[in-house]
Amino acid sequence: MKHDSNNFKSNTGFTLIELLIAMFLFIIIMVVASQAFNTIISTSAKWIKTEESNIEGIIGLEMFRHDLEQMGFGLPWGWSKASPDGELSDTSILYFESGNSIGKLLNDSDNSGTATTGAVPRAFVGLAGKGAFSSDYIALKGTTVGRSQSAQRWTYVPYHNFNTSGTVYVSRPATETFSNPPQEKDTVIAINANFNNVDNDHKLLIDSSTGEFTRPFSLTMSEDEDKPFLPVSDQDTVMLYGVAGEGDGDRMPFNRADYFIGNSETPTFCAENTGVFYKAVVLHKDEDPYKSGEYHPLPILDCVADMKVVVGWDTSDTALEGARIYSSLPKVAGGTPDYFVSGDSSTVTSEHISSVTSYFSSAKDIRERLKLIKIYLLVQEGKRDSNYQSPATIVVGGNSSEAGSLPTTSNTYTFTTAQLQYHWKVYRVIVRPKNLVSNQK
């Protein structure tokens with residue numbers, strides 16, 4: 001039989017050399033593709049982490065902004081017995097605040113249990129350099145800065161709201177969209193509102209027989225049992241503000257949230273000299289009120305290197321000629337702030353410095369003169385980037401060309417060598433607190 005040599009040749013396979021060349025080319029392609037894939041994955045992870053940081057920052061800073069705007073809400077301006085016995089002085093109510101080693105520096109009560117040390121609370125208190133890495137440390141006071149649902153609720157009791165049996169029906173706020181009335185057994189405080197009598201306006205009502213300044217909420221109140229917490233004339237309206245939930249205690253006649261940078265639980269992906277920015281609510285329920293006052297901390301932002309606070313003051317009705325003055329926080333209670341800036345380019349005098357220093361210590365001046373708060377946070381974006389070199393310094397707190405800002409010589413942050421391989425961003429929060437008299441003029 002005769003075979004076709006052409007068919008035989010066409011059925012032969014690849015030679016060994018051809019296979020080796022094909023395998024070599026395939027390996028090269030796979031190596032290149034894998035390197036490209038690794039680069040894409042690495043870059044994606046970096047940007048994903050950056051976006052996570054941005055989202056966390058937005059959410060956390062909005063919570064921060066809310067508390068800054070709401071500080072002072074439901075805060076009493078003084079104490080009253082709401083009875084024929086007369087009024088208590090502004091320094092004679094017994095309450096307790098933070099027991100934290102730094103937080104207690106921002107107390108208006110020293111937690112000693114001495115009735116003469118419970119001063120009228122300031123809506124805003126802060127000290128420079130008390131947080132981690134010499135960052136600023138602030139406390140915001142008001143009912144709505146608490147974390148419980150009860151702290152977001154309020155209602156009111158108008159005069160002539162009695163029935164024939166002496167039962168008082170508690171009104172609900174007219175606009176439910178912007179309010180949330182207390183629920184049964186929420187712990188509430190009662191504050192008398194009387195715009196025609198300054199001496200009786202915004203006074204915390206206290207049961208003169210027991211000294212108690214809180215009560216469980218009910219939609220009906222007894223004229224006999226709840227008399228200290230009811231309006232006594234047609235000029236009065238009693239506001240009821242939720243402070244805590246049932247069983248949470250009544251350490252203070254308000255809520256308090258401290259904001260600061262701590263470095264005890266910093267994530268491992270953060271650069272050196274960074275920490276966690278916290279909202280720490282002072283707990284009401286305590287076994288021993290003289291020693292406790294613990295924090296309930298909530299992490300807001302990771303990898304925060306610095307926080308600077310700038311406070312803007314209203315001096316329009318003083319001898320300071322209406323200058324717009326901005327200051328830092330004092331380093332110690334009652335101390336002088338480090339620097340001042342005039343928003344209208346006028347000279348900052350020793351009289352300005354003396355006046356603003358005194359403002360920090362006065363609850364009345366805080367609510368009547370604090371106009372603006374600027375918060376600057378230096379935050380790491382994403383993880384370490386070995387291919388990136390950050391500038392050696394960054395301004396935290398504004399610059400000399402910004403109206404009302406701090407001098408650049410006072411707020412320049414210098415990065416360490418290790419910090420230079422991270423991306424950084426300065427978040428700026430500027431707020432005019434809604435519940436201070438200074439912003440209601």
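The values are calculated or read from the model by the stated rules, or taken from the named source; none is laboratory data. Keep in mind that this is a model prediction, so the values were computed, not measured. Don't worry about glycine lacking a Cβ; one is built from the backbone with ideal geometry, like all the others, and counts go over all protein chains shown.
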Checklist entry - So Leu406 fits all but one of (1) at pLDDT 90 or above; (2) closer than 21 Å to Ala128 by Cβ; what number is the exception? => result (1)
Checklist entry - Inside the stretch 116-130, can you point out the residues that are at negative phi and either in contact with an Asp or Glu (Cβ under 8 Å, 6 or more places away or on another chain) or in a strand (DSSP E or B) (or both)? => result Thr117, Gly118, Ala119, Val120, Pro121, Arg122, Phe124, Val125, Gly126, Leu127, Ala128, Lys130
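Counting just the residues of the stretch 131-145 that are outside any strand (DSSP E or B) and in contact with a helix residue (DSSP H, G or I) (Cβ under 7 Å, 6 or more places away or on another chain), which one comes out surrounded by the most Cβ atoms within 10 Å (Cβ to Cβ)?
Our first condition is that a residue be outside any strand (DSSP E or B); within the stretch 131-145, this holds for 131-136, 142-145.
Subset that is in contact with a helix residue (DSSP H, G or I) (Cβ under 7 Å, 6 or more places away or on another chain): 142-145.
On the way: Gly142: 26, Thr143: 25, Thr144: 23, Val145: 28.
For the stretch 131-145, the residue satisfying everything is Val145.
Within the stretch 351-370, count every residue that is assigned to a helix (DSSP H, G or I) and either at positive phi or buried (at least 23 other Cβ atoms within 10 Å of the Cβ) (or both). Steps first, answer last, please.
Residues of the stretch 351-370 assigned to a helix (DSSP H, G or I): 351-359, 363-369.
Filter once more, keeping what is either at positive phi or buried (at least 23 other Cβ atoms within 10 Å of the Cβ) (or both): 356, 366-367, 369.
Of the residues in that region, 4 qualify.
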Checklist entry - Quick check, is Thr268 out of contact with any strand residue (DSSP E or B) (no Cβ under 7 Å at 6 or more places or on another chain), of a type in the set (Val, Ile, Thr) and over 27 Å from Leu68 (Cα atoms)? => result yes
Item to check | Flag if Cys303 is modelled with pLDDT of 90 or more and surrounded by 21 or more Cβ atoms within 10 Å (Cβ to Cβ) | outcome: yes
Checklist outcome for this item: Among strands (runs of 3 or more DSSP E) entirely within the stretch 163-274, at least 1 residues that are modelled with pLDDT of 85 or more occur in 187-193, 203-205, 214-216, 237-244, 256-262
Item to check | Pairs where the first residue, in the stretch 247-267, is under 14 Å from His296 (Cα atoms) and the second is surrounded by fewer than 17 Cβ atoms within 10 Å (Cβ to Cβ) and among the hydrophobic types (A, V, I, L, M, F, W, C), C-beta under 8 Å, 6+ apart | outcome: Phe260/Ile102
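Could you check the stretch 416-440 and list, in sequence order, the residues that are among the aliphatic types (A, V, I, L, M) and in contact with an Asp or Glu (Cβ under 8 Å, 6 or more places away or on another chain)? Spell out how you get there, then give the answer.
So in the stretch 416-440, the residues among the aliphatic types (A, V, I, L, M) come out as 418, 420, 426, 429-431, 436-437.
Within the stretch 416-440, Ala418, Val431, Leu436, Val437 meet the criteria.
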Item to check | Members of the stretch 234-253 that are of a type in the set (A, V, I, L, M, F, W, C), out of contact with any helix residue (DSSP H, G or I) (no Cβ under 6 Å at 6 or more places or on another chain) and closer than 12 Å to Val188 by Cβ | outcome: Val238, Met239, Leu240
Checklist entry - From the list Pro297, Pro289, which one is in a strand (DSSP E or B), touching a Phe, Trp or Tyr at 6+ places or on another chain (Cβ under 7 Å) and modelled with pLDDT under 95? => result Pro297
Checklist outcome for this item: Reported set for the stretch 64-110 where residues are at pLDDT 90 or above, of a type in the set (Asp, Glu) and assigned to a loop (DSSP other than H, G, I, E, B) is Glu97, Asp108
